[in-house]
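Report on one structure; see the data block that follows.
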Amino acid sequence: MTTSLTLHTLTRDDVLLHIDALAEILENCVNGGASVSFMLPFTHEKARVFWLGVAESVGRQERTVLACADEQGELIGTVQLITDQPENQPHRADVAKLLVHEKARRKDAAMALMEALEAEARKHGISVLVLDTSTGSGAETFYQRAGWHKVGEIPRYALMPDGAMTATSVFYKFL
């Protein structure tokens, strides 16, 4: 890694404690064009509301939130492992919201977060991870470099933050 990064598993209370930093990361990504379920205009308050819901989900043990901090201890990225799955899929989890603040991109934070997520998944007995991302995005290229297998694309799957239609690429990874 090019910088000294620290990874943390956030409890419900940790998410609430760091809600403004997490909201800033989400706000930065959405306002930068990331297709992560939100539309423009996107505000800090809307990001806080999202993270309040995530905190409650963590409290119900439906997901794990991992965060990455830089050498000053400032949160610069996050990813979620969603383990709340149907009864017939206890071996599977979804990966959601890999977010890295633009000031920290290309410094190994995304890879460090994904490696930590995979380790966390193994601790939960997860053997199959699934995610989707906007087709043609830098994230799609990143996941392929990180050893994920592309299943295919679904056209007209979602809207980008600016309202443009985008396809999604579906990926899986066996652990």
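The values are calculated or read from the model by the stated rules, or taken from the named source; none is laboratory data. As the structure is a prediction and not an experimental result, all values here were calculated from the model. We place every Cβ from the backbone using ideal geometry, glycine too, and count neighbours over all the protein chains shown. Accessible surface is based on the protein model in full, side chains and every heavy atom, while ligands, DNA and RNA are left aside. Shrake-Rupley method; radii C 1.70, N 1.55, O 1.52, S 1.80 Å.
Does segment 81-100 contain at least one residue that is farther than 30 Å from Gly59 by Cβ and of a type outside the set (Ser, Thr, Tyr)? No, that holds for no residue.
Scanning segment 115-127 for residues that are touching a residue at least 24 places away in the same chain (Cβ under 8 Å) and part of a helix (DSSP H, G or I) returns Ala116, Leu117, Glu118, Glu120, Ala121, Arg122.
The condition of being crowded, with 22+ Cβ neighbours inside 10 Å and over 21 Å from Thr9 (Cβ atoms) does not hold for Ser134. Looking for something assigned to a helix (DSSP H, G or I), at pLDDT 95 or above, of a type in the set (Gly, Ala, Ser) and within 26 Å of Ile19 (Cβ to Cβ) - is there at least one such residue anywhere in segment 70-80? No, segment 70-80 has no match at all. Annotation note: Cβ proximity below 9 Å between a residue of segment 103-114 that is among the small types (Gly, Ala, Ser) and a residue that is part of a loop (DSSP other than H, G, I, E, B) and open to solvent by 60 Å² or more (accessible area, probe 1.4 Å) (sequence gap 6+ or interchain) occurs for Ala104/Glu74; Ala109/Met1; Ala112/Met1. Any chance segment 81-102 includes a residue that's touching a strand residue (DSSP E or B) at 6+ places or on another chain (Cβ under 7 Å) and part of a helix (DSSP H, G or I)? No, there is no match, as no residue in segment 81-102 is touching a strand residue (DSSP E or B) at 6+ places or on another chain (Cβ under 7 Å) and part of a helix (DSSP H, G or I). So, of the residues in segment 75-102 that are closer than 24 Å to Pro161 by Cβ and among the acidic types (Asp, Glu), which turns out to be most open to solvent (accessible area, probe 1.4 Å)? So, considering only residues that are closer than 24 Å to Pro161 by Cβ and among the acidic types (Asp, Glu), the one most open to solvent (accessible area, probe 1.4 Å) is Glu102.
The rows are residues; the columns are (1) at negative phi; (2) part of a strand (DSSP E or B); (3) buried (at least 19 other Cβ atoms within 10 Å of the Cβ); (4) touching an Asp or Glu at 6+ places or on another chain (Cβ under 6 Å).
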position: Leu129; (1), (2), (3), (4): yes, yes, yes, no
position: Phe142; (1), (2), (3), (4): yes, no, no, no
position: Arg156; (1), (2), (3), (4): no, yes, no, no
position: Asp162; (1), (2), (3), (4): yes, no, no, no
position: Ala167; (1), (2), (3), (4): yes, yes, no, yes
position: Phe171; (1), (2), (3), (4): yes, yes, yes, no
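Gly147 meets each of the listed conditions (1) modelled with pLDDT of 95 or more; (2) surrounded by 16 or more Cβ atoms within 10 Å (Cβ to Cβ) apart from (2).
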